[in-house]
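Participant: My questions all concern the structure below.
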Amino acid sequence: MLKGFKEFILRGNVIELAVAVVIGAAFTAVVNSIVANLINPLIGAVFRADSLDSALIVEIPTLDGGAPAEIRFGAVLGAILTFLIVAAVVYFVFVLPMNTLKDRAEAKRRSGEPDPDEPESELTLLAEIRDLLADRELPTHRSGAGRHTE
């Protein structure tokens, strides 16, 4: 029972998922700070409000004559802008650089240029050993069994 739990916890995808959740939480804090401390004040200055939540409010009178209902177009606009900002940051900070690195690595692979960060495969090492042995001069006279000379 504990062995199965240990195998489950130590699977690569579980660890990767945990790392993704932690990084995602940290990334969310950064994006929220950018929105709250940079974007909202800029937009608030344009709409003369502290944030979009208090901008573009349309009051609708209620049927019973009580406090009017409020439609907060600014809050909706703020949510849409937050989504677009998060999408832009994710794209330009993560997706675009990773795609660029992937494209460069693929171009290197196609050109045959070895990647210095990638360990050599056994086949490559064996081919190098074979080539070194083939390039080595064989001695003209050597004692030992199994050697055939013409």
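Participant: Picking from ILE15, GLY74, SER33, whose Cα lies most toward the positive end of the charge dipole for segment 1-107 (charges on Cβ: Lys, Arg +1; Asp, Glu -1)?
Facilitator: Result: ILE15, furthest along the dipole toward the positive end.
Participant: Per residue of segment 18-30, what does 6.51 cos²θ - 1.76 cosθ + 1.60 with θ = phi - 60° give for ³J(HN,Hα)? Whole Hz please, x for Gly and Pro, Karplus curve as stated.
Facilitator: 4, 5, 4, 5, 5, 5, x, 5, 5, 5, 4, 4, 5
Participant: Same structure again: Please compute the Cα-Cα pair-distance distribution of segment 7-105 with 10 Å bins starting at 0, giving whole percents from short to long.
Facilitator: Result returned by the calculation: 13, 27, 25, 18, 11, 5, 1.
Participant: Pick out, in residue order, every one of the trypsin sites (Lys or Arg not before Pro) in segment 1-89 that is DSSP loop and has at most 15 other C-beta atoms within 10 Å; say none if there are none. Don't jump to the answer; show the numbers that get you there.
Facilitator: On the way: sites: LYS3, LYS6, ARG11, ARG48, ARG72; in loops: ARG11, ARG48.
For trypsin sites (Lys or Arg not before Pro) across segment 1-89 that sit outside H, G, I, E and B with at most 15 neighbouring Cβ atoms in 10 Å, the list reads ARG11, ARG48.
Participant: Let's test the formula: R0 of 22 Å, r as the Cβ-Cβ distance of ALA20 and ILE85. What FRET efficiency results, to the nearest 0.05? If you can, show how the numbers build up before the last one.
Facilitator: Values: r = 20 Å, r/R0 = 0.92.
That gives a FRET efficiency of 0.60.
Participant: Calculate, for ALA69 and LEU96, the FRET efficiency according to 1/(1 + (r/R0)^6) with r their C-beta to C-beta distance and R0 41 Å; round to the nearest 0.05.
Facilitator: Working: r = 43 Å, r/R0 = 1.05.
So the FRET efficiency works out to roughly 0.40.
Values quoted throughout were computed directly from the atomic coordinates according to the rules given, and no laboratory measurement underlies them. The structure displayed is predicted, hence computed values, not measured ones. In this analysis, Cβ positions are derived from the backbone assuming ideal geometry, glycine residues included, and neighbour counts consider all displayed protein chains.
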